[in-house]
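Here the structure is laid out as C-alpha cells; the discussion comes afterwards.
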Amino acid sequence: MTTFVDRVELHVAAGSGGHGCASVHREKFKPLGGPDGGNGGRGGDVLLVVDQSVTTLLDYHHKPHRSATNGKPGEGGNRSGKDGQDLILPVPDGTVVLDKAGNVLADLVGHGTSYVAAQGGRGGLGNAALASARRKAPGFALLGVPGDFQDIVLELKTVADVALVGYPSAGKSSLISVLSAAKPKIADYPFTTLVPNLGVVTAGETVYTIADVPGLIPGASQGKGLGLEFLRHVERCSVLVHVLDTATLESERDPVTDLDIIEEELKQYGGLGNRPRIVVLNKIDVPDGKDLAEMVRPDLEARGYRVFEVSAVAHMGLKELSFALAELVGTARAARPKEEATRIVIRPKAVDDAGFTVVQEEDGLYRVRGEKPERWVRQTDFNNDEAVGYLADRLNRLGVEAELMKAGARSGDGVAIGPEENAVVFDWEPTVMAGAEMLGRRGEDHRLEAPRPAAQRRRDKPTWSTTATGPGSASSGSTRRTSTPR
C-alpha cells in the first residue's frame, strides 16, 4: 500500500454566502414597523497551511474533494446569518500549488505559510441594510454569492540541505542511515528506495537535513525509471552529493562514467547547475573498491570535485564527510538573502479605471465584464421586479448604461453580463427610455402611505360654514350646511 504521495490533484470548493432576508417588523399596534431583515453569513474559505508534522500528501490522494461550509441565511429581527467555517488543509513544507495548466500559484515554504485556494462567497444584504431615505421599506434582499471552485495540483518538493544522488544500489540509503537516525529500506537489488528519505545530521554546531533520492538511471530526466518523478525533490537542496559505487558488479560501469551520466541527467532536468557538488566514493571496505577509488580520485579532483572515500558499512571516512557538508551548508545559508518583514503594497486604482469593460462580439451581443457587475448579477433575485430595478439603478450609477450607449447599443439589443459559461443575457432597455420608476417608487411599501383609520375619519367629518344668499346683503343671508374635506 502506498504510504508516500508527492503529487495529487485536489478539487476545492469554498462555501457560498448566505442569502439576505426580506422581513418587516411586526408587533401589536405596529403592523408595519419597518424592514428588519438580517444579512447572510460569509462562506468559508479553503486554506492550505504548511504543517511541519505532515510529510506526505497521501490524505488528499484518497480524498481529493474538499469543501468549506456555507454561510447561513439572515433572519428577521435584524439577525445576521452565521459565517461559514474556514476549511484548513495542512500540507508538507515545500508544497507547490499549481493550476491545471501547470502555472505556479503558490510556493509554500516555512511553517505556518498559508494560501487561500478558494475564496468564500459574500453574504447577501438583508432589506434592513438596503433601506434608505428614498427606499424606506425594500421588499427584497440580495442573494449570497457562490464560493469559488478550483481544481489545483499539489506537488511536494522535499526541503533538505543536502541531496544524495546516484545510480540505484550505490549505497545512498546505507549512507543516510549511518549519518543520521533515518532508517530507510536497504537491500541488494536496484530501486530499493521508492520514496525520498530524510535524515537530520549534526556536525559540530551545525544541524542540517539530508535527503536520499531514489536512484537515477540514463533517461531519468525524460521519465525513465523513477528519476523524473523524484528529481524535483533535489531542486530545493543547497548541496548535491554524488554517491559513486566503487564495487559495482556491472562490467560496463565505472565511477567516472556514472558521474558523467548523472550530471547529464541533472543538466537535462535544469536549474541545478549552480549547486556545489561533492563526490563520495562508497564501498571502499571492499578490496577492489579501495583500489578503484584510488585510481579514479586524481581524475575527479582534476575536474574540481572534492572527493571523499567512505564506507557506510565499515563507518570509514564519515566524520570528514559530515563536517565538509556542514561547511558547505553553512556557506549556502549565509549567502541566502535575509528574510524581510512582509510589506503591505498598496496599488491605488487608476483614475480612468471604470472597473468594467463593454465589448461588442461578432454576433452583435454586448458583453459586460467586471468584478462588480458580475457580483451584482449573482446577488439579484430575478423573480422580484423590485430587485431587478435595484440592479438597474446600480448598473446605471456605475456607468454601464453610458458605456453601452457609447459602444452603439440600442434599445432591444442583447447584453450579457459575465463570462460565456455563466452569463446573464437580457434585452437591454435604457433606464431613461424604459422609465424605471413605472412600477412606483422602488423599495417603498405603498401600505405605509395609506392613512390610519382614525385620521381618515377625522378627514371625512363634516364642518359648518356660512355662505351668503340673496342679491347681496349679509343681513339677509341664511345659512346652509356644507361638507368640505380638510
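The values are calculated or read from the model by the stated rules, or taken from the named source; none is laboratory data. Please read all numbers here as calculations on a predicted model, not as lab measurements. Don't worry about glycine lacking a Cβ; one is built from the backbone with ideal geometry, like all the others, and counts go over all protein chains shown. Protein only, heavy atoms only, side chains kept; ligands, DNA and RNA dropped before computing areas. Shrake-Rupley method; radii C 1.70, N 1.55, O 1.52, S 1.80 Å.
Select, from Ser221, Ser238, the only residue that is at pLDDT 85 or above, polar (S, T, N, Q) and either under 31 Å from the mean Cα position of the chain (by Cα) or open to solvent by 30 Å² or more (accessible area, probe 1.4 Å) (or both).
When all the criteria are applied, what remains is Ser238.
Gly355 passes all but one of (1) over 28 Å from the mean Cα position of the chain (by Cα); (2) open to solvent by 30 Å² or more (accessible area, probe 1.4 Å); which number fails?
(1)
Only one of (1) touching a residue at least 24 places away in the same chain (Cβ under 8 Å); (2) out of contact with any helix residue (DSSP H, G or I) (no Cβ under 9 Å at 6 or more places or on another chain); (3) within 30 Å of Leu130 (Cβ to Cβ) is not met by Val49, so which one is it?
Here Val49 clears every test but (3).
What is the residue count in segment 408-420 for residues that are exposed (fewer than 15 other Cβ atoms within 10 Å of the Cβ) and either of a type in the set (Asp, Glu) or touching a strand residue (DSSP E or B) at 6+ places or on another chain (Cβ under 6 Å) (or both)?
Of the residues in that region, 2 qualify.
Among the residues of segment 427-439, which ones are open to solvent by less than 70 Å² (accessible area, probe 1.4 Å) and modelled with pLDDT of 50 or more?
We begin by selecting, within segment 427-439, every residue open to solvent by less than 70 Å² (accessible area, probe 1.4 Å); these are 428, 430-431, 434-436.
Trp428, Pro430, Thr431, listed by residue number.
Might you let me know whether segment 371-382 holds any residue that is surrounded by fewer than 18 Cβ atoms within 10 Å (Cβ to Cβ), under 28 Å from the mean Cα position of the chain (by Cα), at negative phi and hydrophobic (A, V, I, L, M, F, W, C)?
no
Scan segment 281-297 for residues that are out of contact with any Ser or Thr (no Cβ under 7 Å at 6 or more places or on another chain), of a type in the set (A, V, I, L, M) and without any contact (Cβ under 8 Å) to a residue 40 or more places away in the chain and jot them down.
Met295, the sole residue that qualifies.
Collect the residues in segment 383-405 that are in a loop (DSSP other than H, G, I, E, B) and free of Cβ contacts under 8 Å to residues at least 24 places away in the same chain, keeping them in residue-number order.
Correct list: Asn383 only.
Take Val256 and tell me if it is part of a loop (DSSP other than H, G, I, E, B), in contact with a helix residue (DSSP H, G or I) (Cβ under 9 Å, 6 or more places away or on another chain) and aliphatic (A, V, I, L, M).
So Val256 does not fit the description; no.
Before we move on, is Gly44 touching a strand residue (DSSP E or B) at 6+ places or on another chain (Cβ under 9 Å) and among the small types (Gly, Ala, Ser)?
yes
Name, by its number, the condition in (1) of a type in the set (Lys, Arg); (2) surrounded by fewer than 24 Cβ atoms within 10 Å (Cβ to Cβ); (3) closer than 30 Å to Ala247 by Cβ that does not hold for Lys172.
Evaluating Lys172 over (1) of a type in the set (Lys, Arg); (2) surrounded by fewer than 24 Cβ atoms within 10 Å (Cβ to Cβ); (3) closer than 30 Å to Ala247 by Cβ leaves (2) as the failure.
Pick from segment 268-280 the residues that are in contact (Cβ under 8 Å) with a residue 40 or more places away in the chain and within 14 Å of Leu240 (Cβ to Cβ): which of them is surrounded by the most Cβ atoms within 10 Å (Cβ to Cβ)?
Filtering segment 268-280 for residues in contact (Cβ under 8 Å) with a residue 40 or more places away in the chain gives 268-269, 276, 278, 280.
Cutting the leftovers down to within 14 Å of Leu240 (Cβ to Cβ) gives us 269, 276, 278, 280.
Numbers: Tyr269: 18, Pro276: 15, Ile278: 18, Val280: 27.
Across segment 268-280, the extreme among qualifying residues is Val280.
If the requirement is being within 20 Å of Val145 (Cβ to Cβ) and open to solvent by 30 Å² or more (accessible area, probe 1.4 Å), which of these qualifies: Gln85, Gln52? Give the steps one after another, and end with the answer.
Working: Gln52 fails: within 20 Å of Val145 (Cβ to Cβ).
Of Gln85, Gln52, the one residue that is within 20 Å of Val145 (Cβ to Cβ) and open to solvent by 30 Å² or more (accessible area, probe 1.4 Å) is Gln85.
Tell me which residues, restricted to segment 24-38, are in contact (Cβ under 8 Å) with a residue 40 or more places away in the chain and open to solvent by 50 Å² or more (accessible area, probe 1.4 Å). Write out each step before concluding.
Going residue by residue through segment 24-38, those that are in contact (Cβ under 8 Å) with a residue 40 or more places away in the chain are 24-25, 32, 34-38.
Matches in segment 24-38: His25, Leu32.
Can you tell me how many residues in segment 181-218 are open to solvent by less than 50 Å² (accessible area, probe 1.4 Å) and modelled with pLDDT of 70 or more?
Step one: of segment 181-218, the residues open to solvent by less than 50 Å² (accessible area, probe 1.4 Å) are 182, 184, 187, 192-193, 195-197, 199, 201, 203, 206, 208-217.
In the following step, the residues that additionally are modelled with pLDDT of 70 or more were identified as 196-197, 199, 201, 203, 206, 208-214.
Residues meeting the conditions: 13.
Would you check which residues across segment 147-169 are in a strand (DSSP E or B) and surrounded by fewer than 22 Cβ atoms within 10 Å (Cβ to Cβ) and list them?
Selection gives Phe149, Gln150, Asp151, Ile152, Val153, Glu155.
What pairs can you find where one residue is in segment 149-172 and at pLDDT 80 or above, the other is aromatic (Phe, Trp, Tyr), and their Cβ atoms are less than 6 Å apart, with a gap of 6+ or different chains?
As it stands, the answer is Asp161/Tyr208, since those pairs meet every condition given.
Report whether or not Arg347 is surrounded by fewer than 17 Cβ atoms within 10 Å (Cβ to Cβ), under 21 Å from Gly40 (Cβ atoms) and among the basic types (Lys, Arg).
Values: surrounded by fewer than 17 Cβ atoms within 10 Å (Cβ to Cβ): yes; under 21 Å from Gly40 (Cβ atoms): no; among the basic types (Lys, Arg): yes.
The answer is no for Arg347.
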